1. Does region B:84-94 contain any residue that is more than 16 Å from ligand 1 (Cβ to nearest atom), assigned to a helix (DSSP H, G or I) and either more than 14 Å from every other protein chain (Cβ to nearest Cβ) or hydrophobic (A, V, I, L, M, F, W, C) (or both)?
2. Looking at (1) away from ligand 2 (no atom under 16 Å from the Cβ); (2) surrounded by 20 or more Cβ atoms within 10 Å (Cβ to Cβ), can you tell me which one B:Leu442 breaks?
3. Among the residues of region A:102-150, which ones are within 24 Å of the chain's Cα centre (by Cα) and small (Gly, Ala, Ser)?
4. Which residues, taken from region B:174-183, are surrounded by fewer than 17 Cβ atoms within 10 Å (Cβ to Cβ) and touching a residue at least 40 places away in the same chain (Cβ under 8 Å)?
5. Which pairs do you get when a residue that is at pLDDT 95 or above, found in region A:122-139, comes within reach of a residue that is surrounded by fewer than 19 Cβ atoms within 10 Å (Cβ to Cβ), reach meaning Cβ atoms under 7 angstrom, with the pair 6+ apart or on two chains?
6. Hey, any hits in region B:140-159 for a residue that's within 16 Å of ligand 2 (Cβ to nearest atom), hydroxyl-bearing (Ser, Thr, Tyr), in contact (Cβ under 8 Å) with a residue 12 or more places away in the chain and assigned to a loop (DSSP other than H, G, I, E, B)?
7. When you scan region A:261-276, do you find a residue that is under 13 Å from the mean Cα position of the chain (by Cα), surrounded by fewer than 21 Cβ atoms within 10 Å (Cβ to Cβ) and either more than 14 Å from every other protein chain (Cβ to nearest Cβ) or on the phi > 0 side of the Ramachandran plot (or both), even just one?
8. Any residue at all in region B:119-141 that is surrounded by fewer than 19 Cβ atoms within 10 Å (Cβ to Cβ), assigned by TED's automatic domain parsing to the domain that holds B:Pro106 and under 14 Å from B:His85 (Cβ atoms)?
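The values are calculated or read from the model by the stated rules, or taken from the named source; none is laboratory data. Please read these numbers as outputs of a predicted model, since none were measured by experiment. Note that we place each Cβ from the backbone using ideal geometry, even for glycine, and neighbour counts take in every protein chain shown.
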Amino acid sequence: MKGLALAATQVVRSAVSPKILGIIGLLAAVCLYTALASPNFLKVGNLENVVHRTALFGILSIGVAFVIITGGIDLSIGSVVCLVGVLLPWLLVDHGWSVPMAVAFVLGLGAVIGLVHGLLVTRLGLQPFVVTLCGLLIYRGVARGITQDQSQGFGTGYKGLRALATERFPIFGEGGFELPATTLVFLVIAVAAAIFLNRTVWGRYLLALGRNEQAAQYSGINTGRMKLLAYVMSSTLAAIGGMLFVLDINAAQPSDFGNFYELYAIAAAVLGGCSLRGGEGSILGLLVGSALMVVISNMINLVHPRYQNVEFAIIGGVILAGVIADELVRRAARRRPGSGS
Amino acid sequence: MPPLVEARGIGKQFPGVRALDDVSLSVGTGEVVALIGENGAGKSTLLKILAGVQSPDSGSLLVDGQPVRFRGVQDALGAGIALIHQELNLADNLDLAGNVFLGREPRRAGFIRTAQMHREAAEWLRMVGLNLDPAMPLSHLPIGRQQLVEIAKALSTRARLLIMDEPTSSLSARETETLFAVVRQLRASGVSVLWISHRLGEVKELADRVVVLRDGRNAGEIPDRSGIEHDTMIRMMVGRDVDRLARRPSHPPGEVVLEVEGLRTPAHPQHPVSLSLRGGEIVGIAGLVGAGRTELLTTLFGVTPAVGGRVAVAGRPVDLRTPRDAIRAGMALVPEDRKHQGLILEMAVRENMSLVSLWPESHAGFVDSRAERRLAEQMIPALAIKTPGDRQAVQFLSGGNQQKVVLAKWLALKPKVLLLDEPTRGIDVGAKAEIYDLVHRLAGQGLAVLFVSSEMEEILSLADRALVMHEGRIAGGLARHDLSEERVMRLAAGGTGRQSA
Ligand SMILES: Nc1ncnc2c1ncn2[C@@H]1O[C@H](COP(=O)(O)OP(=O)(O)OP(=O)(O)O)[C@@H](O)[C@H]1O
Ligand SMILES: [Mg+2]
């Protein structure tokens, strides 16, 4: 309970940051526009769906944010989502593994993947971009190979497990807004991540080494181990995300399941205030960034369904606009108090 | 004739700080002016305004008597004012000529005219006393000479006023001499120089005129060479007398705290170093830049692993592979380069101070923010750090105050052995004396201090004894009663008997 209170104050405090205010404004504007342009946006079912998808992508972006804070990048998230997404039904349905075994295996696999990335980056000194780009190719290839490119799903079984992603809680009584279970999973992860980042020594170490790795080392921080931890968190959260995605959709096509999800996650993190130079990031920002991505996609579906094939272009344009606006605001702020020395 | 450059009634406000308040300054043609003042007095800010890096909130700038407005560094360059950055603005991977003409390469149809560029660069380099091949990679030059390259670059833009912010703080004595010779030569050819220094000896040696700032205001001027005296300058800067050469009484040494036997650093593996330090002792390491002093400290601190040898702290052998091992054994290092090794510039004063003591003060990994705040509240007055608050990002502090934050961070750890590498670089006279007092007081509580310094005054007034290094080995030790500038210099030069090098 104390932890929750701490996190709440943290959220409130970081909400004051002007950087996040801009993106909150953008989110509000897109929501307003969509609500005015389409009567379906504010329908309960649609809102539930938006919240649900925000939670799923939010989980991925929290993971990648840890890596971005260290000044690295993780491009393998979408492929990890795919690998876990096809392995889980494959192990359960085709190979008859028990639920705890299969779940433990896929999450463990995520952790091991992150560990390998981290070791390659910290011990061998390989560049994060290269390591995780190779990961992106390898895991998707493996997923397609294992399943012979066959779509995987749970059929009508495993209702209990699938409830983790599909359950809705009617918090406003019958017929009102029902809270998707994934939101709760996301909230637990987000609160834990916010506490970790803002309240623990390790979170402080991550932020410090993202800004100045050498000074962090001189301060006795085991920067290698902290980075390793970041990669493990990223891949593990991608695995959790992959599991929830497949439980929700009940069908994973190895050739395109999770395609481009790493880019959604990275974009959400960048929009939410993470600098690719490292050392910056807030969990609330990630939430808003993820929501923005989901709402834009929702807007295209509802308002401009004919433009669905240019969805990527629209998303790209909005992100670019957000980043440009952010940079301009920062420059204006810098001009006023002058540049430091 | 109007002065070359004049600033009138300059004001500059930062959030929470009035950096400059109605400050005026002028520099005549061929004049060498020193700008001095305490840490945070506004010196760097004033220079940045003159060089077009920052714009003033109020007041005006005049060049040759004509009002000007600089909207950027380019405008100032156009008016003949060039700032030599303290963090040198050079490209390591280019050759000397490429650096001199960076961005202004003589070209035809997009191709660089290499031969012409090299010929002209060689001329500019000669003007600053560098008779070097312009095709030589910059990275082959030591830092002091790189600074001369930067000056050559400024001259090649036809600069009439060179502005330098603490140019000598990272130079060796010999490099400083070269720089001064170049400045004198420039003066003779009509180029003006305006520079900041905390080393009053240099000011006395070189300046034609001294301008003093205090708390963002003009605090006086010494109009001619004959009036430039240490005591006068200090009184104008600090507003009181500072006994800068006070020798503090040695403490009776206690048990051996640091024992180093045959330590071989990667930089000079052929010279094993042995030394021992008792609690309460303050030992200075003197020597020329490049003598292996910094390498000795970084190896002792586990930053660069030793090639061989043994180290024991308080009688217990320690295996030094990372700074963490050293910290755990009770050592602390205030490193040479505060921006890269000492500070997380974007983080708050408070967070920088607590970075190393965060873990011992934490509860199950949770940061104790109350302890963190207490630390800042205790250290800021103790070291007289000038900051609007402990949540200010360190990058907005003046150079000297940043250095104090690094000191605070390591003192917070209450180490047994304190290693200091140029501990008062960029710190003003008054604060220096305070820091010496502090170190001395801590030694009185049993702390062993090993410090490297290129400032003779610092060795003479702070050290109980000195070790002098030469080319990677300890050339000799001098007990306090043997300690003199001449003896130190002789050993530093390799003990050949020459008086200085
Ligand atoms: N960009 C900035 N934002 C906020 N405060 C600033 C900024 N730059 C300088 N200051 C403040 O303005 C004051 C003057 O700073 P300045 O760097 O000019 O001092 P200085 O005289 O050069 O000191 P030092 O001898 O320590 O280098 C200081 O209190 C400093 O903290
Ligand atoms: Mg300064």
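1. No, the conditions are met nowhere in region B:84-94.
2. (2)
3. Scanning region A:102-150 gives A:Ala102, A:Ala104, A:Gly108, A:Gly110, A:Ala111, A:Gly114, A:Gly118, A:Gly135, A:Gly141, A:Ala143.
4. B:Arg174, B:Ala181
5. A:Thr122/A:Gly224
6. No, there is no match, as no residue in region B:140-159 is within 16 Å of ligand 2 (Cβ to nearest atom), hydroxyl-bearing (Ser, Thr, Tyr), in contact (Cβ under 8 Å) with a residue 12 or more places away in the chain and assigned to a loop (DSSP other than H, G, I, E, B).
7. Checked against the condition, which is being under 13 Å from the mean Cα position of the chain (by Cα), surrounded by fewer than 21 Cβ atoms within 10 Å (Cβ to Cβ) and either more than 14 Å from every other protein chain (Cβ to nearest Cβ) or on the phi > 0 side of the Ramachandran plot (or both), region A:261-276 yields at least one hit.
8. No, there is no match, as no residue in region B:119-141 is surrounded by fewer than 19 Cβ atoms within 10 Å (Cβ to Cβ), assigned by TED's automatic domain parsing to the domain that holds B:Pro106 and under 14 Å from B:His85 (Cβ atoms).
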